[in-house]
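These notes concern the structure reproduced below.
Taken together, the values in this text are just the output of simple stated rules run on the coordinates, not laboratory data. Just so it is clear, the model here is predicted, and its values are computed rather than measured. Every residue, glycine as well, gets a Cβ built from its backbone with ideal geometry; the counts of neighbours run over all protein chains shown.
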Amino acid sequence: MAELRWVDPEGPEYEAWVALREPILRAPLGLSFSPADLEAEKGQRHLVAFEDGRVVGGLIVIPLSGGSWKVRQVAVDPDRQGKGLGGRLMEKVIETAHEKGIAEIFLHSRTEVVGFYERLGFEVSGEDFIEVGIPHRKMVLSLGSG
């Protein structure tokens, strides 16, 4: 079973986390991480899954003012997809948000995976929109006052 850990974006595991995301999330869209992209991530929280010392998944949380978090860059190694790892990552974020008294978690879901987030309790908010050249939906999970 994968170990889930919050990692420092300036620590040794971060490079492997970026390397996992590049072919899964960026390259299929003709994108790559720029130095400015990676610099912006330094102020964000990175929850990463490890198996036998290898990065196999993760996500990013951006703490926002007003008691909300934005989740982005959810990625799981293709060999591990469909085996519950993405759900475990999201459940850890929800659990941590509850502990910290966060009122709301939201994200921009690619339209083809909206059902994944709905199974976790997220609800669609608003209309489809285009982000990084593909259709997305805003998804929201209200946690109340934590």
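Structural remarks
- Among residues of the range 9-23 that are over 15 Å from K42 (Cβ atoms), those with a beta-carbon under 7 Å from a residue that is assigned to a loop (DSSP other than H, G, I, E, B) at least six positions away or on a different chain give the pairs L20/D77; E22/S32; E22/F33.
- Residues being closer than 21 Å to G133 by Cβ, touching a helix residue (DSSP H, G or I) at 6+ places or on another chain (Cβ under 8 Å) and among the polar types (S, T, N, Q) are represented in the range 71-89 by at least one member.
- Unique match (being touching an Asp or Glu at 6+ places or on another chain (Cβ under 8 Å), touching a residue at least 12 places away in the same chain (Cβ under 8 Å) and closer than 22 Å to R119 by Cα) among G67, G57, G87: G57
- Within the range 106-146, being without any contact (Cβ under 8 Å) to a residue 60 or more places away in the chain, under 18 Å from P28 (Cβ atoms), in a strand (DSSP E or B) and over 14 Å from the mean Cα position of the chain (by Cα) holds for I130, E131, P135, H136.
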